[in-house]
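J.: Provided herewith is a single structure, encoded as structure tokens, for subsequent inquiry.
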Amino acid sequence: MGKRLTAVFLTVMLAMSTLYGCSHASDISSGAGDKDYPVAIGNVTIKQEPAGVAVLSPSIASVILSMGYEAVLKARSEECTQSDLSVLPVVTADDAEKIHELGAEIVFADSLTDSQKSKLEKAGITVLTLAPATSRENLEDLYFQVGSALKGARTGYQQGQDAAKGIYQTIDDITRVVPASDAPITAVYLYDANGKAATGDMLAAKLLEAAGLTNSAAGGTDGTFKAADLLVADPKYIFCAKGVSAALTSSAEYSKLTAVKEKRVYEMDPALMKNQGEELIRAVSLMAGTVHPEMLHNSTDSSQPSDTSSSSPSSGSMVSTDLNLNQTLKSGMQNDDVLKMQNRLDELGYMFVKPTGLYAEATVQIVKDFQYLNNMTVTGVADPQTLKKMFSSDAVKRTNLE
């Protein structure tokens, strides 16, 4: 009898322990947790920091890069074409065993079939399917979720918050310096010439607005905007994916558009309007700079239009530093000099990731932000001129624009 009671007692205690553990997983839907793991993201609970991750969504890959967490990636899908990921093995959602063998414990995707999800889970892989953001608030949620999965409900959540905030701070900076216009400047972004556009219910539409433009496709939904409606709206500017311009020009209908006739159709890398990392900043910068070329100064960034203005040299006194300002720092470097530069950018209000000494994609974008707002050639490379401007007393601080 005593043994039976003991067994029942232990069973009850085990059940209570299990419930206790589950109830104390940090649920980030209400904010950051007081500890990192376990963390609940939707209906998925992650018990510990993953040793490896596979990403099957180019947009989520950009989110991971924006937070500086690319070191945890073990594999990518073919669609994830970011240069920083080029060395990773390519997998598909059907490669469950291969993904497992590569050391990935979590798979990020924006959509999977039930069969694909089942095979991945049977291989011992946690699956997180996260839909693309449709608004600023959704974007923050997306970053919270990705960050929390990778580094926990406290550490990762905070990093996600900082990264999302940094992206929108830069976008807001660009919006603030867009020249005022007496009349609305109408524009549209077309994914193709078959009625696929950035409609009002998409985050891409918010990028047009951030560039100071009135979206002619705002009344559409789910990315669908009829050709007849586009002809009626007749936007002044058309931005589009590569290859669409030729289709518009050759179309009997679309060739009637004012933007087509007056050659105001501008092709963009489609990743700028689809991926939700640093590409968001580049998209806004490109569109705003195209409509207002005076905003850009001799940009050599292939994602932006360029003009022939000269860069702005430093005219202020120099801030004390032991960093050699006559060198060039660029992507891929990792050393104390990069860390010193990042710390200076942090002082100026540009850093939205923690300074680590690694010159990764986030730092490239941050340097571009600094160059852009300081009227310099936008390259993402910290050449001597950029470093000297950075450490001068007249360097434009991000906080000065708020």
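The values are calculated or read from the model by the stated rules, or taken from the named source; none is laboratory data. Quick caveat: nothing in here was measured; it's all calculated off a predicted structure. Here Cβ is always computed from backbone atoms with ideal geometry, including for glycine, and neighbour counts include all displayed protein chains.
J.: I'd like to verify a number: residues in the range 76-97 that are of a type outside the set (Lys, Arg), within 19 Å of the chain's Cα centre (by Cα) and not in a loop (DSSP other than H, G, I, E, B), how many?
T.: Here the count works out to 3.
J.: Could I ask something else about it? Among the numbered criteria (1) out of contact with any Pro (no Cβ under 8 Å at 6 or more places or on another chain); (2) closer than 24 Å to Gly166 by Cα; (3) small (Gly, Ala, Ser); (4) modelled with pLDDT of 85 or more, which single criterion is violated by Ser320?
T.: Result: Ser320 fails condition (2) only.
J.: Only one residue in Val265, Val232, Val260 is modelled with pLDDT of 95 or more and out of contact with any Ser or Thr (no Cβ under 8 Å at 6 or more places or on another chain). Which one?
T.: The match here is Val232.
J.: Between Ala54, Ala61, Ala40, which is outside any strand (DSSP E or B) and either modelled with pLDDT of 95 or more or among the small types (Gly, Ala, Ser) (or both)?
T.: Criteria check complete, one pass: Ala61.
J.: When only residues in the range 269-283 that are among the aliphatic types (A, V, I, L, M) and either closer than 19 Å to Val55 by Cβ or at pLDDT 95 or above (or both) count, which is surrounded by the fewest Cβ atoms within 10 Å (Cβ to Cβ)?
T.: Once the filter is applied, the top-ranked residue is Ala271.
J.: Name every residue in the range 112-149 that is small (Gly, Ala, Ser) and part of a helix (DSSP H, G or I), in order of residue number.
T.: Filtering the range 112-149 down to residues small (Gly, Ala, Ser) leaves 115, 118, 123-124, 131, 133, 135, 147-149.
Ser115, Ser118, Gly147, Ser148, Ala149, listed by residue number.
J.: Given the criterion out of contact with any Leu (no Cβ under 8 Å at 6 or more places or on another chain), aliphatic (A, V, I, L, M), within 24 Å of Ser66 (Cα to Cα) and not in a helix (DSSP H, G or I), identify the matching residue among Ala153, Ala204, Ala180, Ala218. Step through it out loud before you land on a result.
T.: Numbers: Ala204 fails: not in a helix (DSSP H, G or I); Ala180 fails: within 24 Å of Ser66 (Cα to Cα); Ala218 fails: within 24 Å of Ser66 (Cα to Cα).
Just a single option satisfies the conditions, and that option is Ala153.
J.: Condition test on Gly200, is it under 30 Å from Asp162 (Cβ atoms), touching a His at 6+ places or on another chain (Cβ under 9 Å) and at pLDDT 95 or above? Break it down stepwise before answering.
T.: Values: under 30 Å from Asp162 (Cβ atoms): yes; touching a His at 6+ places or on another chain (Cβ under 9 Å): no; at pLDDT 95 or above: yes.
Here the answer is no, as Gly200 does not meet what is asked.
J.: Tell me which of these Thr199 doesn't satisfy, since it passes every other one: (1) among the hydroxyl-bearing types (Ser, Thr, Tyr); (2) touching a strand residue (DSSP E or B) at 6+ places or on another chain (Cβ under 7 Å); (3) not in a loop (DSSP other than H, G, I, E, B).
T.: (3)
J.: Okay, next question. Consider Lys122 carefully, then state whether it is at pLDDT 95 or above, assigned by TED's automatic domain parsing to the domain that holds Ala40 and surrounded by fewer than 22 Cβ atoms within 10 Å (Cβ to Cβ).
T.: yes
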